[in-house]
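Novice: Below are the structure tokens for one structure; questions will follow.
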Amino acid sequence: MVKKKCCVFISGKGTNLSALIKSTREYNFPVNINFIISSTLNAKGLNLAKKYSIKYHVYKINKKKELEIILNELKKRKISLICLAGYMKILPEEFINRFRGKIINIHPSLLPKYKGLNTFRRAIKNKEKLSGCSVHYVNKKLDSGKVILQKKVIISKNDTESSLKKKIQKEEYRAYSEAIRKVFSNTSS
Ligand code: GRF
């Protein structure tokens, strides 16, 4: 099976990246991770790039020059899917336009509820009974693109921000890979 090439964007721990790397080892998984972009040199997730010998760059992509460099890198590497996994920068509109329909993100809430930050805190504060994660296409509006897949978790009375985060992240690790399979089963290319 010829796998598509994927680039993962990170800013932090990279636990989703780690789960994705595991999935890429499966014969039938539709993509390989060929490139990693981090918005900061301090992202722990970069250790995974080193461990698995995946090429990486540290770029914020907020300057015109950086944007051009990244676009060229992605083109050169024939990247056909971009996965945002805890990437904490807003992508320039030009970038989103160039990769329309090819950028996906994982977000820790059941979108359209709780876009943006502090999703766990807000869900608990609002006494929600359910929360979860969403994998969605990225468009110009924050956390607003078409949802590909969601996983739900039950919020119990005793849940704190950190226990809810743990529960949801556990689901994220399955959700992201499942969403990628779904994306490629739909395009069948
Ligand atoms: C995840 O919870 C994801 O939903 C959010 O950022 C977090 C990234 O965590 N967008 P990690 O860097 O994958 O550990």
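The values are calculated or read from the model by the stated rules, or taken from the named source; none is laboratory data. Just so we're clear, the structure is a prediction, and the values are computed from it rather than from any experiment. Here the Cβ positions follow ideal geometry from the backbone for every residue, glycine too, while neighbour counts run over all protein chains shown. What goes into the accessible areas is simple: the full protein's heavy atoms, side chains included, and nothing from ligands, DNA or RNA. Shrake-Rupley method; radii C 1.70, N 1.55, O 1.52, S 1.80 Å.
Novice: If A49 meets every condition in (1) more than 20 Å from H107 (Cβ to Cβ); (2) within 16 Å of the ligand (Cβ to nearest atom); (3) open to solvent by 10 Å² or more (accessible area, probe 1.4 Å) apart from one, which number is that one?
Specialist: Looking at each condition in turn, A49 falls short on (3).
Novice: I168: closer than 17 Å to L17 by Cβ and surrounded by 16 or more Cβ atoms within 10 Å (Cβ to Cβ), yes or no?
Specialist: Details: closer than 17 Å to L17 by Cβ: yes; surrounded by 16 or more Cβ atoms within 10 Å (Cβ to Cβ): yes.
Here the answer is yes, as I168 does meet what is asked.
Novice: Follow-up. Hey, any hits in segment 156-178 for a residue that's within 16 Å of the ligand (Cβ to nearest atom), under 23 Å from L46 (Cβ atoms) and at pLDDT below 95?
Specialist: Within segment 156-178, none of the residues are within 16 Å of the ligand (Cβ to nearest atom), under 23 Å from L46 (Cβ atoms) and at pLDDT below 95.
Novice: I'm trying to understand the selection: among the residues of segment 135-147, which are open to solvent by 20 Å² or more (accessible area, probe 1.4 Å) and more than 17 Å from F95 (Cβ to Cβ)?
Specialist: Those that are open to solvent by 20 Å² or more (accessible area, probe 1.4 Å) and more than 17 Å from F95 (Cβ to Cβ): K146, V147.
Novice: Within segment 148-159, which residues are in contact (Cβ under 8 Å) with a residue 12 or more places away in the chain and open to solvent by 70 Å² or more (accessible area, probe 1.4 Å)? Can you show your working first?
Specialist: Of segment 148-159, the ones in contact (Cβ under 8 Å) with a residue 12 or more places away in the chain are 148-155, 159.
Listed by number, the residues that qualify are Q150, K152, I154.
Novice: Might you let me know whether segment 68-85 holds any residue that is at pLDDT 95 or above, surrounded by fewer than 14 Cβ atoms within 10 Å (Cβ to Cβ) and within 16 Å of the ligand (Cβ to nearest atom)?
Specialist: no
Novice: Here's a follow-up. Name the strands (runs of 3 or more DSSP E) wholly within segment 24-133 that hold at least 2 residues that are within 15 Å of the chain's Cα centre (by Cα)?
Specialist: On the way: elements: 31-38, 55-58, 81-84, 103-107.
Counting at least 2 such residues, we get 31-38, 81-84, 103-107.
Novice: Looking for whichever is near the ligand (Cβ under 10 Å from one of its atoms) and either modelled with pLDDT under 95 or on the phi < 0 side of the Ramachandran plot (or both) here; the options are V31, V8, V2, V58. Which one fits?
Specialist: Numbers: V31 fails: near the ligand (Cβ under 10 Å from one of its atoms); V2 fails: near the ligand (Cβ under 10 Å from one of its atoms); V58 fails: near the ligand (Cβ under 10 Å from one of its atoms).
Result: V8 is the single residue among V31, V8, V2, V58 that is near the ligand (Cβ under 10 Å from one of its atoms) and either modelled with pLDDT under 95 or on the phi < 0 side of the Ramachandran plot (or both).
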